Every structure is written in C-alpha cells, then in structure tokens.
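What follows is one structure encoded as structure tokens, with my remarks underneath.
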Amino acid sequence: MFGIFIIFVRKKRMGKSNYVDIIKEQTQRALWSVENVIICIPEGYWEKCYCEMPLWKHVYHTLHSLDRWYINPDKYDEPSFHEADLNNLNVSTTKVLSRQMLDRYFKSVKEKVELYNNNLTEDKLLHKPDGCKFTCFTLIMGQLRHLHYHTGIIMGFIIADTGMWPQVIGLESSIPEGKDFPYYE
C-alpha cells in the first residue's frame with residue numbers, strides 16, 4: 001500500500017495524473033528538441049561529414065529509428081524514398097536526402113507519433129504490439145532514449161563547429177512557440 005502512495009505522490013508532483021499524459025508531454029518536448037536542432041543546422045553543414053557520415057544521414061538515422069521503433073518495428077513500412085542502408089550510420093550510401101525532404105519526413109513522423117499517442121491508453125502500455133517482442137512502454141522509452149542520444153550528438157557537431165548552442169527545454173520551461181530564437185544567446 002505504501003508503494004502505491006509513493007507512485008501517486010510522484011505522479012502528482014510531475015503535474016500529470018497518468019502515464020499516458022506524461023508520455024505525451026515528454027514526447028512533445030523531445031519532438032520540439034529534435035525539430036529545433038534540425039533548424040539549427042547551418043546550410044553549409046548539411047553534407048559535412050561527422051564520424052565518416054554526412055550530417056543529413058545522422059538526422060535521417062534519428063528520424064527513421066523514431067518512425068520505425070516508437071510504435072511497432074515489426075509492422076512498419078519504409079518511407080517511399082528509403083533504400084537499403086540509408087539509415088545505417090556504418091554504411092556509406094550514394095543517395096543524398098535534402099533538408100526539405102527531411103523536414104517533410106520529420107513532420108510526417110511527428111504526426112504519426114502524435115496520432116499514436118492520442119490513441120494510447122494506460123492498459124496498452126504493458127501489452128506487446130502485434131508481432132513485437134517488446135511492450136508499447138518499452139518501445140516508447142527506448143525511442144525517447146535513442147532520440148535524445150542522437151539529438152545530443154547532432155547538437156555537439158553544431159556547437160563544436162559554430163560555437164552556437166541550440167536551445168533545449170527542461171521539465172518546467174514552456175515549449176517555445178515559433179522558430180524565432182532557436183539558439184541560446
């Protein structure tokens with residue numbers, strides 16, 4: 001009984017009353033961060049190589065993983081422009097994805113994730129999606145972890161080369177509106 005009380009108190013302190021609301025909010029914050037980091041990539045850096053791969057490929061790897069693994073990796077259709085190893089940071093490819101293409105892809109992935117989250121229930125969190133060996137909660141948490149890992153790497157490339165620091169938001173900051181101030185001053 002005491003354990004249930006602790007969970008209740010922790011949830012109330014976080015400002016949300018259930019796990020789905022917390023997942024929705026944290027996912028919104030993560031998606032804002034990813035979009036902001038993409039906005040902060042200077043035009044001349046889009047094809048610059050980091051760790052032997054162009055920066056656009058680091059962005060695509062991050063978005064592709066979110067697209068595939070957040071909902072159900074076993075029931076997934078590749079984007080129409082995808083080709084073998086395009087998302088693989090260990091394999092060079094000849095195809096190049098433009099900023100505009102990846103901006104559109106980000107928007108489609110964001111819409112898909114938000115729609116999924118809007119239909120998510122507490123009961124679904126510990127169930128495994130059709131054909132998948134992981135629970136919905138495991139997939140979501142794994143992707144939020146992966147998303148922040150790669151967003152941080154991309155931020156590091158930007159900071160190291162430009163000296164400019166893309167904005168980030170914590171638990172208490174409001175999600176900024178618009179795209180007027182993507183960097184810290």
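Among residues of region 113-129 that are within 17 Å of residue 67 (Cβ to Cβ), those with a Cβ under 8 angstrom from a residue that is exposed (fewer than 15 other Cβ atoms within 10 Å of the Cβ), sequence gap 6+ or separate chain, pair up as 129/74; 129/75.
Listed here are the helices (runs of 4 or more DSSP H) enclosed by region 1-94 that have at least 1 residues being modelled with pLDDT under 95, out of contact with any helix residue (DSSP H, G or I) (no Cβ under 7 Å at 6 or more places or on another chain) and surrounded by 15 or more Cβ atoms within 10 Å (Cβ to Cβ): 2-13, 19-40.
Rundown of residues vs (1) at pLDDT 95 or above; (2) out of contact with any strand residue (DSSP E or B) (no Cβ under 7 Å at 6 or more places or on another chain); (3) not in a helix (DSSP H, G or I), yes/no style:
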{"position": "104", "(1), (2), (3)": "yes, yes, no"}
{"position": "116", "(1), (2), (3)": "yes, yes, no"}
{"position": "120", "(1), (2), (3)": "yes, yes, yes"}
{"position": "127", "(1), (2), (3)": "yes, yes, yes"}
{"position": "130", "(1), (2), (3)": "yes, yes, yes"}
{"position": "145", "(1), (2), (3)": "yes, yes, no"}
{"position": "164", "(1), (2), (3)": "no, no, yes"}
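Remark: pairs (first residue in region 57-79, touching a residue at least 40 places away in the same chain (Cβ under 8 Å); second residue assigned to a helix (DSSP H, G or I) and surrounded by fewer than 18 Cβ atoms within 10 Å (Cβ to Cβ); Cβ separation under 6 Å; 6+ apart in sequence or on different chains) = 65/146; 71/116. Based on this model, can you work out whether residue 169 counts as under 18 Å from residue 20 (Cβ atoms) and either part of a helix (DSSP H, G or I) or not hydroxyl-bearing (Ser, Thr, Tyr) (or both)? Answer is no for this residue.
Residues of region 86-141 that are over 19 Å from residue 27 (Cα atoms), of a type in the set (A, V, I, L, M, F, W, C) and in contact with a Cys (Cβ under 8 Å, 6 or more places away or on another chain): 89 alone.
The values are calculated or read from the model by the stated rules, or taken from the named source; none is laboratory data. If you're wondering where the values come from, they're calculated on a predicted model, not measured in any experiment. Because the Cβ atoms are built from the backbone with ideal geometry, glycine has one as well, and the counts that use them run over all protein chains shown.
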